[in-house]
Amino acid sequence: MTLRERPDPVPGAGEVLVRTAAIGLNFADLFVRSGAYPRTPRPPFVPGMEISGTVEAAGSGAPFSPGQRVVAVPLFGGHAEKVVVPAARVFALPDGVDLVPASAMPVVFLTAAYLCERAAVAEGDRVIVTAAAGGVGTALLQLLARRRARTLALVGSEGKRAVVDAFGVAASGTYDQAAGLVEGVFGGAVDVVADAMGGGIFRRLWRRLAPGGRYVLYGFAAASGPRGVAKLGAARELLAMGFLSPYEVVQSCRTLIGFNLSLLPDTHGELRRAAAEIFSLWQNGAVRPVLGPSFPFERLPDAHRALAARGTTGKVVIVVRGAG
Ligand SMILES: NC(=O)c1ccc[n+]([C@@H]2O[C@H](COP(=O)([O-])OP(=O)(O)OC[C@H]3O[C@@H](n4cnc5c(N)ncnc54)[C@H](OP(=O)(O)O)[C@@H]3O)[C@@H](O)[C@H]2O)c1
């Protein structure tokens, strides 16, 4: 990635030009940079899924006006000071919400909310969350607590446990402690697994799913290495997931759910309604973004490196100069 000057983009019909205040970094941005994300443009291109900022101009038919504060999910192009986004992926911010933390909200909370719905998480459910101290993980812990689920938060290192314990989880631990914790805390089985990693951990956790259980596989972080997606490592982790026999899925009454928010059809405006609900929960103090390390725009590649190195907790945010 290199920093370059480009002409200001111009919004077309149904599009909005946003002056960026902050950029929410997503793990998927690492996959985009490696060319491993669906619909990634051919290089050279500007990556960047998620921003907050102020509307500078709106094309015809786009229901926004200059000066409006928004968050937006352009999927690509968001690592820039000015970004054109289709109006359908721009969400007005309520008053009193700061632009920098707002950039940490849409993707992680929309993902976590959709996951809870699809897995039909109910009060008392025993739930495992992998990568629990990360962006989506910390959003999930909050929404699961609201549903009164009992959560086992799994993390990559002991040092991350303090982050997840702050959300009142039933238990926390590292991946190699998972089996013992499921035995000790949940009596040996769980109702829901929310897994952003895949690879070897998938095989181990799938075995722990009770009859009627739902396994949500919504990411493949295990495919990533310190410099992005490593093909050989990804192949190894895919093999480690093992073979899932349809016969076994049927007889054990378990469900495997997969989804990618960016590829979901949004025919009835569900995303906009879900976003409004999340911002209202935030305003009421019911949920909050968990901010991780923040970087200035000029050091954006360092933000990518930090996320890939697996040392961050919460949401990594990039602040654009003069904004906030
Ligand atoms: N399906 C969807 O629509 C959707 C939407 C948003 C995000 N996601 C997925 O959700 C996951 C979390 O995304 P996020 O943006 O919030 O990132 P994040 O959780 O803040 O960071 C990723 C975390 O994944 C864990 N991890 C496991 N294996 C890793 C590896 N080989 N290299 C680096 N990290 C690894 C690390 O936590 P530990 O060290 O604690 O394991 C790391 O902190 C990602 O898998 C992402 O692709 C999916």
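The values are calculated or read from the model by the stated rules, or taken from the named source; none is laboratory data. Because the structure is predicted, anything quoted here is derived from the model rather than measured. Positions of Cβ are generated from backbone atoms using ideal geometry, with glycine treated the same way; all protein chains shown enter the neighbour counts. Accessible surface is based on the protein model in full, side chains and every heavy atom, while ligands, DNA and RNA are left aside. Shrake-Rupley method; radii C 1.70, N 1.55, O 1.52, S 1.80 Å.
The table that follows gives values for the structure above.
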{"item": "For the range 149-187 versus the range 245-320, the gap between their alpha-carbon centres in whole angstrom", "result": "20"}
{"item": "Charged-residue dipole, Cβ positions (Lys, Arg, Asp, Glu), the range 219-324 about Cα centre, Debye nearest 20", "result": "340"}
{"item": "Residue of 106, 38, 47 that the Gaussian network model of the chain assigns the largest fluctuation, springs spanning Cα pairs under 10 Å", "result": "38"}
{"item": "Residue 276-residue 232 pseudo-label distance in nm [points 7 Å out on the Cα-to-Cβ vector]", "result": "5.2"}
{"item": "Förster radius 35 Å - calculated FRET efficiency between residue 147 and residue 204 (Cβ-Cβ, nearest 0.05)", "result": "0.90"}
{"item": "GNM result for the chain, Cα springs below 10 Å: residue of 69, 299, 33 fluctuating most strongly", "result": "299"}
{"item": "Simple label model, 7 Å out from Cα along Cβ direction - residue 288 to residue 264, nm", "result": "2.6"}
{"item": "Percent carbon-and-sulfur accessible area, the range 189-324, ignoring ligands, DNA and RNA, probe 1.4 Å", "result": "58"}
{"item": "Simple Cβ-charge dipole of the range 107-262, Lys/Arg +1 and Asp/Glu -1, about Cα centre, in debye nearest 20", "result": "160"}
{"item": "Karplus 3J(HN,Hα) series, Hz, for the range 183-196 with 6.51 cos²θ - 1.76 cosθ + 1.60 (x for Gly, Pro)", "result": "5, x, 9, 10, x, x, 9, 10, 8, 9, 10, 10, 10, 9"}
{"item": "Beta bridges by DSSP in the chain, antiparallel share as percent, to the nearest 5", "result": "50"}
{"item": "Gain upon complete extension [residue 310, residue 5; 0.36 nm per residue less C-alpha separation]", "result": "106.7 nm"}
{"item": "Dipole magnitude of the chain, debye to nearest 20 (Cβ charges: Lys/Arg +1, Asp/Glu -1, about Cα centre)", "result": "540"}
{"item": "Interchain or long-range residues, amide H under 5 Å from residue 295's placed H", "result": "317, 318, 319"}
{"item": "Under Karplus coefficients 6.51, -1.76 and 1.60, residue-wise ³J(HN,Hα) of the range 20-25 in Hz, glycine/proline x", "result": "6, 9, 8, 10, x, 8"}
{"item": "Cut-off 19 Å, label 7 Å out along Cα→Cβ of residue 42, residues of the range 63-97 by amide N", "result": "76-77"}
{"item": "Positive-end residue of 228, 188, 156, charge dipole of the range 107-262 with Cβ unit charges", "result": "228"}
{"item": "3J(HN,Hα) from dihedral phi, the range 296-312, Karplus parametrisation 6.51/-1.76/1.60, rounded to Hz, x for glycine, proline", "result": "x, 3, 5, 10, 3, x, 5, 5, 4, 4, 4, 5, 5, 6, 6, x, 8"}
{"item": "GNM result for the chain, Cα springs below 10 Å: residue of 244, 205, 291 fluctuating most strongly", "result": "244"}
{"item": "Cβ-derived FRET efficiency at R0 25 Å, residue 302 paired with residue 240, nearest 0.05", "result": "0.25"}
{"item": "Gyration tensor (alpha-carbon) shape descriptor, the range 276-324, a/c threshold 1.5", "result": "oblate"}
{"item": "Solvent exposure of the range 107-262 as accessible area per residue, Å², 1.4 Å probe", "result": "43"}
